[in-house]
Structures are given as structure tokens and as C-alpha cells.
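A short write-up of the structure that comes next.
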Amino acid sequence: MTIDLAPLWLSLRLAFVTTLVLLLLGTPLAWWLAMTRRRLKPVVEAITALPLVLPPTVLGFYLLILFSPSGGFGGFFLKLTGTSLTFSFTGLVVASVLYSLPFMVQPLQSSFEALGRGPLEAAASLGAAPLDRFFTVVTPLALRGYITGLVLSFAHTLGEFGVVLMVGGNIPGQTRVISIAIYEHVETLDYAQAHWLSAVLLGFSFAVLLLVFTVNRRFPVKVI
């Protein structure tokens with residue numbers, strides 16, 4: 001039996017890029033949510049957490065409309081770059097970032113809130129600049145949140161189905177990720193391929209949960 005590894009490598013690439021983007025976008029968002037006292041905070045929290053309760057096909061449907069060349073954002077992106085967001089790897093990345101956003105933001109926000117303002121005030125009294133305080137004080141103390149957010153975001157992206165199918169379709173080598181490949185193998189009664197790819201996701205999912213629980217035991221949240 002010849003095993004098609006292309007969907008697996010594409011999924012790993014998508015998960016890696018998505019997790020990196022989420023780290024860059026999720027960190028300032030989580031910090032703002034943890035520190036702000038603005039009335040707008042509950043609204044932003046609700047929007048950020050929406051993918052947790054919204055059916056993936058619903059989110060995928062609206063993203064498909066938004067990313068369409070005839071849509072506002074999709075049309076602007078097409079004019080700007082000459083490429084379409086729909087049925088493309090770039091579109092999968094953008095959709096995956098939105099769909100996995102709470103898996104990065106919520107662990108970071110919880111870790112930032114648990115730190116309190118004491119360490120920052122102490123660092124400020126010693127003359128540390130804001131960025132210096134964040135990278136030398138906050139980041140090490142929030143290590144648990146970072147590890148949890150990175151691992152969960154990567155794993156969640158790797159197992160996506162509804163959103164990526166709606167936005168990217170099933171184009172081999174471009175948008176055919178492992179979850180879609182499994183679905184197609186089952187439809188064509190190729191259970192051997194479906195079993196193999198499903199076993200990979202099952203083993204990876206177990207390893208992810210084991211890692212998260214191990215990290216949570218070894219790096220307890222420090223409340224100051």
C-alpha cells in the first residue's frame with residue numbers, strides 16, 4: 001500500500017504558519033484583554049471566543065463570502081496581491097488564524113492575569129522600559145500559557161475540517177489537508193488510507209494533551 005503523505009505535510013505546514021501568526025497577533029491581544037479595564041473588553045472577549053461555540057461550517061461559509069473576489073476584503077486582497085484568498089493556501093492560513101484564535105489568546109490571557117501587576121511595578125521601579133519589562137519579566141513567568149497556547153493552536157489547526165473545506169476546497173498539493181484527505185478516503189471506501197491517517201491524528205492528539213497536562217503540572221501559575 002502506497003501512503004500519500006502530501007496532505008500530512010501540507011497540514012503540518014499550515015499548522016506551523018498559523019501558530020506563528022497566532023503567536024504574533026495573540027500576544028498583544030491577550031495582554032490587552034488581561035490589562036484593560038475598558039467596557040469594550042467583554043465584547044472583544046466574546047468575539048475572540050466565538051469560534052469555540054460557532055459551528056465550523058457557519059464560520060467557513062461567512063469567510064468564503066468575505067474572501068470571495070466579489071466580496072469586499074477578498075476583492076481588495078486580489079487587487080493588492082493578484083491572488084485570490086478562496087481555494088488557496090493563503091486563504092487557509094487566514095481562516096485558520098481566525099478559527100484557532102481563542103486557543104492562543106485564552107491561555108495567554110489567563111497567564112497574564114495570574115501574574116498581577118506586582119512584577120511589572122517592581123521592574124518599572126528599577127528603570128526597565130515597557131518592552132524590556134514584558135520580555136524579561138512577563139514572558140518567562142507566563143511560560144505555561146505560551147506553551148499551552150502554542151501546542152493547542154498547532155493541534156487545533158492540524159485537525160480542522162469544516163472551515164478549511166469551505167474556504168479551501170479539496171485541491172491536491174494546495175488545500176487538501178489531512179482531515180479532508182481522510183474524509184475523501186472514507187467516501188471512496190479506501191479504509192486502509194483512512195485508518196493510517198486517522199491513526200496519525202489520534203496519536204498526535206493524545207501526545208498534545210499529554211504535553212499540556214504535563215506542562216500544567218510542572219509550571220504552576222504564580223499569582224503575585
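Throughout, read-outs are computed from the coordinates displayed, never taken from laboratory work. Because the structure is predicted, anything quoted here is derived from the model rather than measured. Methodologically, a virtual Cβ is constructed for each residue, glycine included, from the backbone with ideal geometry; neighbour enumeration extends over all protein chains shown.
Our estimate of slack between Ala122 and Tyr62, defined as 0.36 nm per intervening residue step minus the Cα-Cα distance, is 17.0 nm.
Among the trypsin sites (Lys or Arg not before Pro) within segment 26-84, those in coil by DSSP and having at most 14 neighbouring Cβ atoms inside 10 Å are Arg37, Arg38, Arg39.
For Val44, Val93, which order do you get if you count the other beta carbons within 10 Å of each Cβ and list the fewest first? Don't skip to the end; give the middle numbers.
Values: Val44 15, Val93 20.
Fewest-to-most Cβ neighbours within 10 Å comes out as Val44, Val93.
Taking other C-beta atoms within 10 Å as the exposure proxy, Ser70, Ser100 rank Ser70, Ser100 from fewest upward. Debye sum, Cα scatterers, the chain, no solvent: what log₁₀ I/I(0) at q = 0.13, 0.17 1/Å? Here the Debye-derived log intensity ratios amount to -0.84, -1.20.
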